[in-house]
Structure formats: C-alpha cells, structure tokens
C-alpha cells in the first residue's frame, strides 16, 4: 500500500489506471527514443554515473546479478562488461523497453549471459535467496510501492549480498539549484515532446524527482526494508545519488 508522496506521482493524472500500469504505458511509448534522450538530456554524463554505481558491486565476485527496472538494458550490459558475472537477469514492467534491450544484447552476442523478463518490483518472480547482487538505475522512483519493492529485493537476495541504487536527487547549491529546476521543469519536458512525442513522460520525471524521499530519508526507508550497512554517495553537485545496502 502506497505510503510515500512519490508513490502517488503518476504520468497521466487524468487516468484511472494505477501507477504501475501508467508507468509501463509511458515507457512503452518512449522506448524507441529512450536511450537517445538519456544521452542528450544528461550530455552523456549518465554513463559515468552508471559506471560508478556498478563499481560499488565490485568488492566480491557475483554469480547471478539482478537488474531491477532494467529498461533497455544499459545497466545490465555495462555491469557484464565491468563485473563479468556468470549471469544477469533484468526485470521490467515495460515490454517495449526490453525489446530494445534485447536487440542491444544480441548485438553484443551476450544473450546467453543476460536475460530480460517481465517482472514487477513489488512481486519479483524469483525464489528467496536467489541472487548474490542487485541494482536499480533510475527506477525506484517508478516503484508503485517503494517500501514493498525494497522488501522484495531484500527477499530475493542471498545473505551478504549488496543492493546498489542509482537515482536522481536535487542539488543543494544555491546558485546551481535554480538552473537545475528550470532545466527539469521547462527544458526537459519540451525536449522530450520534440523527440519522443510524449511531454507528460518527461514532466513526470521532474515531479517524481521532487517527491522522492532522497538522502538520509531514503537511507531510513532502506534500513526499514531490512538492509544493513547503508550509505550514500552524491554525484555532480547532488543531482544524482548512489545508495548502497547489504542483506
């Protein structure tokens, strides 16, 4: 049951559908341009953020890695290149996004190493103690129930395993913050509309970032879900954060 403000932020406020269904529809609609817009809107910086997040998992060998909200498999592909786990399983609620991810995986000839399956963070379709590492990149804001999603990830991880989360946050620098807000509120939705035809999807991005319980507030939720040794690392004036916790 939703209990955080961000759980109730949805892409299409006039729709009767729940957050999970709306988010899936939204990503299906922008899947074709998603990778291009990620690189364009972040000026390519998001690739460096992803590498830093994946590096947090590099303290011990990983056999089977779970990538939640895998989307077009950017994180899965990068993690395989960096960590060389035996297998990576990516789950997502958007089949449209994963179709493009599978194309990228096939191009690398890694389809025997990386598998993408339809799956919901609040009901991960795997047994308890199944994976020995997990990651989520820019996906926890889209969970229909944040705490339930974290509890599910905790359930499917083996003891001693680590979860790494990469997520947008808001800068605190008084000079940079107004520029960031202007960019997210006005520029991002307009660029999103021009290239993907879906302005609401990128307006939702801004609203969900604002509503997300970031920083120490998120670490508290992280711990409540059962994770230990939680910590965070802020990147680029605080516009992105890496959160880590162990089972």
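What follows is calculated from the coordinates using simple rules that are stated; it is not laboratory data. Remember, it's a predicted structure, so these values are computed and weren't measured experimentally. Quick reminder, even Gly has a Cβ in these numbers, built from the backbone with ideal geometry, and neighbours come from all protein chains shown.
A compact table of results
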| item | result |
| --- | --- |
| Ranked by how many other beta carbons lie within 10 Å on average, peptides 74-87, 137-150 from highest | 137-150, 74-87 |
| Neighbour-count ranking [beta-carbon atoms within 10 angstrom, fewest first] of 35, 132, 112 | 112, 35, 132 |
| Label point distance in nm, residue 129-residue 8, each placed 7 Å from Cα along Cα→Cβ | 4.0 nm |
| Ellipticity estimate at 222 nm from DSSP helix runs (n ≥ 4, -39,500 (n - 2.57)) divided over the chain, nearest 500 | -13500 deg cm²/dmol |
| Spatial separation of Cα centroids for the stretch 102-124 and the stretch 50-85, in angstrom | 12 Å |
| Packing-based ranking, highest mean first, of 223-234, 156-167, 207-218 given that Cβ atoms within 10 Å are counted | 156-167, 207-218, 223-234 |
| Footprinting exposure proxy for 49, 186 (fewest neighbouring C-beta atoms within 10 Å first) | 186, 49 |
| Shape parameters for the stretch 1-130, alpha-carbon atoms, Rg then Dmax in Å | 15.5, 47 |
| FRET efficiency, residue 28 to residue 177 (Cβ-Cβ, R0 35 Å, nearest 0.05) | 0.60 |
